[in-house]
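Structure first, commentary second.
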Amino acid sequence: MPKPVVLITGANGEIGRALLRRLHDEGHYRVVTVDLTPLPEKHRPYCLETYAGNIMDRYLLDQIAAHHEIEVVFHLAALLSTRGERDPELAHQVNVEGTLHLLRVATNQSGRLGRAVRFVFPSSIAVYGLPTLEEKARVGRIEEEEWNLPITMYGCNKLYCEQLGRYFTLHYRQLGALATAARLDFRALRFPGLISAETVPTGGTSDFGPEMLHAAARGDRYTCFVGPDAKIPFMAMPDAIDSLLGVLEAERATLRHTVYNVGAFSASAREIADRVARSFPAAQVEYVPDPVRAKIVDSWPEDVDDTRAREDWGWRPAYDLERAFTEYLVPSIAKRYEGAPRG
Ligand code: SER
């Protein structure tokens, strides 16, 4: 039996690169990728095939599906929250219409294979919208159904796409003859801000965490676009990849929900700056809050309640803030830049 084929969209993004490496190391799947920009030469050996193109291009997606028996989709391609506010219509096109194309392709593929393609979708804390800092503090660890009132186009897009995925799994073409077995099997995770040692995100609003760390490791001064008390949940990239694979591999029968919060640790900008300064004592951070980006971060919860994920498919993060720095971020980043970390 050849190994099953996984399609990764947005493979050149932060999560994509890390996922690609992990799938290659584990060796259980053959990987096909699509991204707007060509995958760098060094990552190509990890893939069965790579496509450079737009997920809005239906012809390209149909061509990919015709050439490969795709059994799993990680649909990672998206315009993040700050970028989305610069061009909300474009964000809607990429984040919603692009997802719709992928859901259609995966559903058709399920029909061809005669079994449900598993479709894993990274959603976000951006689906939440707390109205005030008092309410944010009162709520603390937010549950999935609370405050689903996003203030960004990206958050609206993710919230709606969670529903689209549920709809495609349970009800798509309910007037037609689509057999239950031919539907897809959609699973979404609501990620906190992600911090990777390998890459810096672009266009997000949780970016102050990773940007602060990478600037310190490079020896650059960092101007933080939120105030020191701005607090949201974060997660180290290896945990994000673990959670994607964890929810992918969970038996359908154990999943009581379509959408799961996944948490690791919660930290304010000041707490991250303090932790960065312990490893990079020369780090310099000044706070010059951008009113819009700071407001977006204030609308996001300070932490997530991930009880459902823990109960249904055994989610456990490996890294809290301290361990993320000592065992993952600092050692890996030290190799990447010419910094002089001290523990
Ligand atoms: N990291 C994303 C962003 O900042 C949130 O999911 O837009």
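Take region 208-240 and flag every residue that is under 19 Å from the mean Cα position of the chain (by Cα) and surrounded by fewer than 22 Cβ atoms within 10 Å (Cβ to Cβ).
E211, P238 - these are the residues of region 208-240 that are under 19 Å from the mean Cα position of the chain (by Cα) and surrounded by fewer than 22 Cβ atoms within 10 Å (Cβ to Cβ).
Looking at region 79-91, which of its residues are within 15 Å of the ligand (Cβ to nearest atom), part of a helix (DSSP H, G or I) and more than 15 Å from N54 (Cβ to Cβ)?
S81, T82, R83, G84, E85, R86, P88
Evaluate region 274-287: report whether one residue or more is within 29 Å of W147 (Cα to Cα) and either modelled with pLDDT under 95 or surrounded by fewer than 19 Cβ atoms within 10 Å (Cβ to Cβ) (or both).
Looking for residues that are within 29 Å of W147 (Cα to Cα) and either modelled with pLDDT under 95 or surrounded by fewer than 19 Cβ atoms within 10 Å (Cβ to Cβ) (or both), one finds at least one in region 274-287, hence yes.
Can you pull out every residue in region 189-210 that is near the ligand (Cβ under 10 Å from one of its atoms) and small (G, A, S)?
Hits for region 189-210 are G193, G203, G204, S206, G209.
So which strands (runs of 3 or more DSSP E) stay within region 202-307 end to end and still have 2 or more residues that are among the hydrophobic types (A, V, I, L, M, F, W, C)?
It comes to 231-236, 265-268.
Pick from E145, E162: which is open to solvent by 10 Å² or more (accessible area, probe 1.4 Å) and either within 16 Å of the ligand (Cβ to nearest atom) or modelled with pLDDT of 95 or more (or both)?
E145
Which residue, of L48, L39, L61, is within 22 Å of L164 (Cβ to Cβ) and in contact (Cβ under 8 Å) with a residue 24 or more places away in the chain?
Residue meeting the stated conditions: L61.
Has region 11-24 got at least one residue that is of a type in the set (D, E, K, R), surrounded by 19 or more Cβ atoms within 10 Å (Cβ to Cβ), touching a helix residue (DSSP H, G or I) at 6+ places or on another chain (Cβ under 8 Å) and in a strand (DSSP E or B)?
no
Starting from region 148-160, keep only residues that are over 12 Å from S124 (Cα atoms), then list their pairs with residues that are outside any helix (DSSP H, G or I) and more than 11 Å from the ligand (Cβ to nearest atom) whose Cβ atoms are within a distance under 7 Å, requiring at least 6 positions of separation or different chains.
L149/G129; I151/G129
Starting from residues that are within 22 Å of the chain's Cα centre (by Cα) and open to solvent by less than 10 Å² (accessible area, probe 1.4 Å), keep the ones in region 108-121 and report whichever is nearest to the ligand (Cβ to nearest atom).
F121
Are any residues in region 55-83 surrounded by fewer than 16 Cβ atoms within 10 Å (Cβ to Cβ) and of a type outside the set (A, V, I, L, M), and if so, which ones?
Result: D57, R58, Y59, D62, Q63, H67, E69.
The values are calculated or read from the model by the stated rules, or taken from the named source; none is laboratory data. Because the structure is predicted, anything quoted here is derived from the model rather than measured. Cβ sites come from the backbone with ideal geometry, for glycine too, and all protein chains shown count toward neighbours. When the accessible area is computed, the model is the full protein with side chains, heavy atoms only, and any ligands, DNA or RNA have been set aside. Shrake-Rupley method; radii C 1.70, N 1.55, O 1.52, S 1.80 Å.
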